[in-house]
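Notes follow the structure.
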Amino acid sequence: MPVSQRPDLPPHYYRDNFLQLCDTVQERYADLLLEPERALLQDFGGLPFAAQCLYVRLVSRVGPWFRVDKLAYPEIGDLTAAMDALLVAGMASVPEQLSLEELGRLYTRDEFQRVFGDDAGLPRAAHKSALLDAVAELAPDHATCMARLQTLAGGPVIGPRGVDTVQLLQLLFFGNRRQSLTEFVLSDLGIARYYPYSLEATSRLFPNREALDEYLLWARLGDRHRELIEGNELEGLTVLGAEMVASKPLFPATQRRWYRQCNALARDLERMGEVDLAASLYAGSQRHPARERRARILERGGDWQEAASLCREILAEPWCEEEREAAARILPRIERKLGGPPVPRPREQFPVVELSLPRGEAPVELRVGEHISPQWSSVHYVENRLMNALFGMAFWEEIFAPVAGAFHNPYQSLPADMYEPGFRQQRRELLRDRWSRLRSLDLGRELVTAYRRYEGYQCRWVNWRGIDEELVMKAATIIPDDRLLAIWERLLFDPRENRRGFPDLLALGAAPGDYCLIEVKGPGDTLQDSQKRWLRFFAGNDIPAMVARVSWSDD
């Protein structure tokens, strides 16, 4: 939406949004809140209007401490009065002292130079880090240091109370730690329009406080993992791995996070040589690449019978495309070690056209599209955008169906389980009925109707800026229905992986069935695994596709 067409937000929109968040959480999760959390909500409600606004402004920023002289919120009015009200109510505090590191984040180099430059004996051009080191050597106590800075370089410092509680409220509202109050603003501005799917009041991500506390525990463990990696504290990773092996999540809300954490930590432990501990973590995960990594560990350790058994298990019921392909590569190697006959790997040969083009400023994909355009009615640079969008529009209502645990707030562009096996399982009947209807419909007309109905709504499958109605109509008219259905079926099998790897160009002729998907590779570029999988699929389903290999004619 152009800036000129965006609605003006009310001056205190952020307070209104925070109140909506608090009211929703109290309505859905009041029984889960502990006394300190309920007290914060009650104390916030008792604040004067301006103090409420200032509190929301502060908890929405990265702190924990803020210089009052740097706060500029003209819509609030008297900031000093608002700050005093927060302090009296205990909704904010002033620090007794701050460390040099904290002061360094609050005050500029010039301010440190003005206050401590003469004592430190450093030139005016000295870097801030050198100034801080010099101040540390002067050894003033931190309280004195802070007092001098406040006196000579700025006013008081303030920090809001209950930041952790506000983060917990956001988690309860959004159902994840990624989203924040910004989502309200994007929606209010019309930048992000969310589809009005149904939110089941009885379907809560956290059925009780134990489930919430377990989620928070594993979230903290994930944060600890990142901190250990950033600090290169490798011994801590081993301790963390042992802790995770010894305990398993009890509640569904934590399981997906726990599986991801197991895989990430196990991979780090593998690289460290802690293979047994890594294998134990993989064994507890139900998410790719846990089984693949276990198979590789078993193979390297010479436990070929167990590795072969695991590969056969994967091939019988693969979790995703990558896992199936990995097992298909590993199993023949293991079977040879067990005395089986060698099984030659077939060489993949995809249709290729060699093009020699002059260099230019435009991307190579556009250069190829321009080169072949005389042979076709139209050539479109689509990459993953078009096929993903057609799938998203075809299955829109099934994607946004009111399935238990799928939606936790009004600001989701996908259900929480979109990339999980449970997506298909929980919508088995809905998907079966949709397949039946799609096979009897004119897909061109159905997709154009869907485009008009859903245009502009947030859905991670559909990039509205990357497609238009004319392209949807052309593609759905020229590409046969049964080919589109085959592509969508593969997308449903593994939505996370199969949403990528589509060819760059779609060339369309004048008659149904006259089309070609073209993957463009410039000099030195090679096919990725996801692209090979789609080319293999196209070959097996009579979908015309090729690779255009480009060399520069002026080299």
Can you name every residue in segment 513-550 that is among the small types (Gly, Ala, Ser) and exposed (fewer than 12 other Cβ atoms within 10 Å of the Cβ)?
-> 513, 524, 540
Name the pairs whose Cβ atoms lie under 9 Å apart, with the first residue in segment 482-511 and touching a residue at least 40 places away in the same chain (Cβ under 8 Å) and at positive phi, the second among the polar types (S, T, N, Q) and assigned to a helix (DSSP H, G or I), and 6 or more positions between them or separate chains?
-> 501/530; 501/531
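Conditions tested, residue by residue: (1) farther than 20 Å from residue 23 by Cβ; (2) at pLDDT below 90.
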position: 143; (1), (2): yes, yes
position: 146; (1), (2): yes, yes
position: 151; (1), (2): yes, yes
position: 161; (1), (2): yes, no
position: 202; (1), (2): no, yes
position: 238; (1), (2): yes, no
position: 243; (1), (2): yes, no
Filter pass, residue 407 being surrounded by 15 or more Cβ atoms within 10 Å (Cβ to Cβ), out of contact with any Pro (no Cβ under 9 Å at 6 or more places or on another chain), in contact (Cβ under 8 Å) with a residue 12 or more places away in the chain and part of a loop (DSSP other than H, G, I, E, B) = no
Test result for residue 430, of a type outside the set (Ser, Thr, Tyr), more than 22 Å from the chain's Cα centre (by Cα) and at pLDDT 95 or above = yes
Residue selected from segment 413-442 under the condition of a type in the set (S, T, N, Q) and assigned to a helix (DSSP H, G or I), by the criterion surrounded by the most Cβ atoms within 10 Å (Cβ to Cβ) | 426
State all residues of segment 166-185 that are of a type in the set (S, T, N, Q), surrounded by fewer than 21 Cβ atoms within 10 Å (Cβ to Cβ) and touching a residue at least 24 places away in the same chain (Cβ under 8 Å); if no residue qualifies, say none.
-> 176, 179, 180
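The values are calculated or read from the model by the stated rules, or taken from the named source; none is laboratory data. For clarity, every value in this text was computed on a predicted model and none was experimentally measured. Heads up, the Cβs are rebuilt from the backbone with ideal geometry, glycines too, and the neighbour counts pull from every protein chain shown.
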